Amino acid sequence: MAELDQLTVSTKRYVRENPKLVDNVFQQGPVVAYAKQNLREDYDGGRYIAENFWYNGLIGGAYAPGKEFDITEPQVEQQGQFNIKFNEVNVTLSKEEIQVINKGPNAIFRLIESRVQNAYITIGAHMEIAMYLSALDANMSASFNGLPEALNDGSTVSWNNNAYTTYGTLTRGGAIGTAYNSVPKDVNGTIEYNTLEETYGTASFGAMEPNIGITTQFGYSFVKEKFQTQQRFNDTQDPKIGFNGLKFNDAVLMKSRYAPGAYLFGSSGTADPIAVGFLKQTSGGAITAYPAPVGGYPSAGAYSETLFWLNARKPFMNWYMSDDPEYQLGITGFKPAQGNTKVACQVLCASNVTFNPRYHQQLYRISG
């Protein structure tokens with residue numbers, strides 16, 4: 001053992017007490033926070049989640065007296081079907097550390113409290129990341145049926161360069177026609193005001209307009225720098241979740257670093273450890289980098305941002321969560337391992353998110 005110097009021997013450490021720990025890894029995201037606060041539906045069991053909808057009207061039209069009516073009985077109802085999805089984050093500790101060493105007045109912070117708090121933040125981050133990914137992609141079936149597969153038309157690719165011919169087990173373009181379609185918008189350049197207005201309008205039906213917009217931190221800056229000076233956007237805050245944003249028509253545009261964009265793509269697709277960790281665990285190690293967008297990973301200093309207009313209201317967007325206390329972000333008890341003094345517990349969630357596609361719109365390849 002090396003000899004200690006005189007100051008180390010004679011002087012205690014000064015440890016900052018408030019805050020005891022600083023978050024240097026997580027990114028805040030508004031979509032899951034908004035969904036849990038405003039769109040929750042208790043899932044009380046069943047083989048799958050079933051959502052019924054109309055995909056056509058009945059037969060009729062103007063007629064002259066004496067006309068024989070067409071009394072054919074068409075089918076106009078259909079059902080989307082979605083599985084509940086499971087998420088977990090593990091906390092493992094050793095009994096020696098938490099029961100003997102990390103305790104009493106000499107514990108700067110309790111390790112068990114730090115790890116459990118970290119687990120809750122981690123699972124929230126994982127679900128925010130999953131919102132922008134698809135369960136229909138290879139090795140991702142355990143994940144949410146997220147925005148890329150929901151906001152698609154079966155032929156136009158989403159931001160991740162994949163097209164999705166099915167959603168909710170239904171085939172797009174078949175018997176249901178375009179009822180489950182939302183055509184992605186490839187901006188492939190700078191964002192312009194008419195593009196924002198037109199895509200917002202595409203997802204608007206009468207008084208039913210998108211009420212939130214989600215983009216990346218760079219996408220948010222592009223919009224603010226270009227249009228706020230023209231008084232087309234105003235600073236605001238969503239009172240339901242406390243996120244700052246820009247008011248546009250009936251929507252609040254907010255930013256999320258977990259939305260697909262240059263930050264997550266990075267130079268090699270491995271920029272964020274939380275995102276990459278989620279992908280590795282969800283895919284059983286098959287996916288080790290964030291998916292490449294249309295056009296490939298941007299080069300250094302280049303941008304490839306996304307933006308999503310969402311009608312985040314029931315029944316156009318729904319957040320299903322189990323009514324079992326342990327699976328609605330509950331925590332299991334610590335369980336001892338065999339043959340050693342390690343103990344482990346898990347934070348658990350059984351949930352999924354669903355969309356009625358036409359009430360939402362995705363934009364991608366925004367470069368400025």
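The values are calculated or read from the model by the stated rules, or taken from the named source; none is laboratory data. The structure displayed is predicted, hence computed values, not measured ones. Don't worry about glycine lacking a Cβ; one is built from the backbone with ideal geometry, like all the others, and counts go over all protein chains shown. These accessible areas exclude ligands, DNA and RNA; they are computed on the full protein's heavy atoms, side chains included. Shrake-Rupley method; radii C 1.70, N 1.55, O 1.52, S 1.80 Å.
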Once amide hydrogens are built 1.01 Å from N within the peptide plane, the residues lying 5 or more places from G330 or on another chain with amide H under 5 Å from its amide H are L348
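Less than 13 Å Cβ to Cβ from Q362, Lys/Arg counted +1 and Asp/Glu -1: what total charge do the surrounding residues give? Spell out each step's value before the answer.
Values: positive: K185, R358, R365; negative: E149, D153, D186, E305.
Every neighbour counted, the sum reads -1.
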Packing-wise, with mean Cβ within 10 Å as the measure, how do 83-91, 305-313 rank, highest first?
305-313, 83-91
Charge dipole of the stretch 6-132 built from unit charges on the beta carbon (Lys, Arg +1; Asp, Glu -1), centred at mean Cα; most positive-end Cα among M131, A35, I108 is I108
With all protein chains present, how much of the accessible area of the stretch 1-108 (probe radius 1.4 Å) comes from carbon and sulfur, to the nearest whole percent?
49
Which value at 222 nm does the chain reach when only helices count, each DSSP H run of 4 or more adding -39,500 (n - 2.57), with the total divided by all residues and rounded to the nearest 500 deg cm²/dmol?
-5500 deg cm²/dmol
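What ranking do 70-80, 147-157 get when scored by the average of other Cβ atoms within 10 Å per residue, highest first? Could you put the intermediate results ahead of the total?
Numbers: 70-80: 11.2, 147-157: 22.3.
Sorting 70-80, 147-157 by mean packing, highest first, produces 147-157, 70-80.
What shape does the stretch 268-368 have by the C-alpha gyration tensor, where a ≥ b ≥ c are the square roots of the eigenvalues, rounded means a/c under 1.5, and otherwise prolate means a/b greater than b/c and oblate the rest? Walk me through the intermediate numbers first.
Numbers: a/c = 3.67, a/b = 1.37, b/c = 2.67.
It is oblate, given that a/c is not under 1.5 and a/b is not larger than b/c.
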Based on DSSP, what percent of beta bridges with both residues in the chain are antiparallel, to the nearest 5?
80
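What's the magnitude of the charge dipole for the chain around its Cα centre, counting Lys and Arg as +1 and Asp and Glu as -1 at the beta-carbon? Answer in Debye, nearest 20. Intermediate values should be presented prior to the final figure.
Working: 29 positive and 34 negative charges, 195 e Å.
Taking the Cα centre of the chain as origin, the dipole is about 940 debye.
For V9 and E326, what does the FRET efficiency come to when R0 = 41 Å and r is the distance between their Cβ atoms, rounded to the nearest 0.05? Don't skip to the answer; put the middle values down first.
Details: r = 49 Å, r/R0 = 1.20.
According to the calculation, E is roughly 0.25.
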Normalised by the number of residues in the chain, what is the relative contact order in percent for Cα pairs under 8 Å and 6+ residues apart?
24
Once both axes come from the Cα atoms, what is the angle between helix 111-131 and the longest principal axis of the chain, in degrees from 0 to 90, rounded to 10?
20
Just the number please: accessible area per residue for the stretch 296-352, 1.4 Å probe, all protein chains included, in Å².
43
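Round to a whole number: what % of the accessible area of the stretch 261-368 belongs to carbon and sulfur, probe 1.4 Å? Walk me through the numbers on the way to the answer.
On the way: 2160 of 4100 Å².
Here carbon and sulfur together make up 53 percent of the probe-accessible area.
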Leaving ligands and nucleic acids out of the surface, order L348, L363 by accessible area at 1.4 Å, largest first.
L348, L363
First compute the accessible area of the stretch 113-193 with a 1.4 Å probe, then give the percent of it belonging to carbon and sulfur atoms.
47
Give the long-range amide H neighbours of Y167: residues separated by 5 or more places, or on another chain, with amide H under 5 Å away, using H modelled in the peptide plane at 1.01 Å from N.
R172
Helix 273-282: angle to the longest alpha-carbon principal axis of the chain, degrees 0 to 90, nearest 10?
70
Helix 217-227 vs. the chain, principal-axis angle (Cα, 0 to 90°, nearest 10)
50
Given axes a ≥ b ≥ c from the Cα gyration tensor, I'd like to know whether the stretch 114-222 is rounded (a/c under 1.5), prolate (a/b larger than b/c) or oblate.
oblate
How big is the accessible area of F144 in square angstrom, nearest 10, if you roll a 1.4 angstrom probe over the protein chains?
0
Using the Karplus equation 6.51 cos²θ - 1.76 cosθ + 1.60 (θ = phi - 60°), what ³J(HN,Hα) coupling, rounded to whole Hz, does each residue of the stretch 70-82 give in order, writing x for Gly and Pro?
7, 9, 4, 9, x, 8, 10, 9, 8, 9, x, 10, 9
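Taking 0.36 nm per residue of separation and subtracting the Cα-Cα distance, what length does fully extending V294 through L58 add? Don't skip to the answer; put the middle values down first.
Details: separation 236, 0.36 × 236 = 84.96 nm, distance 4.00 nm.
Extra length available between V294 and L58 comes to 81.0 nm.
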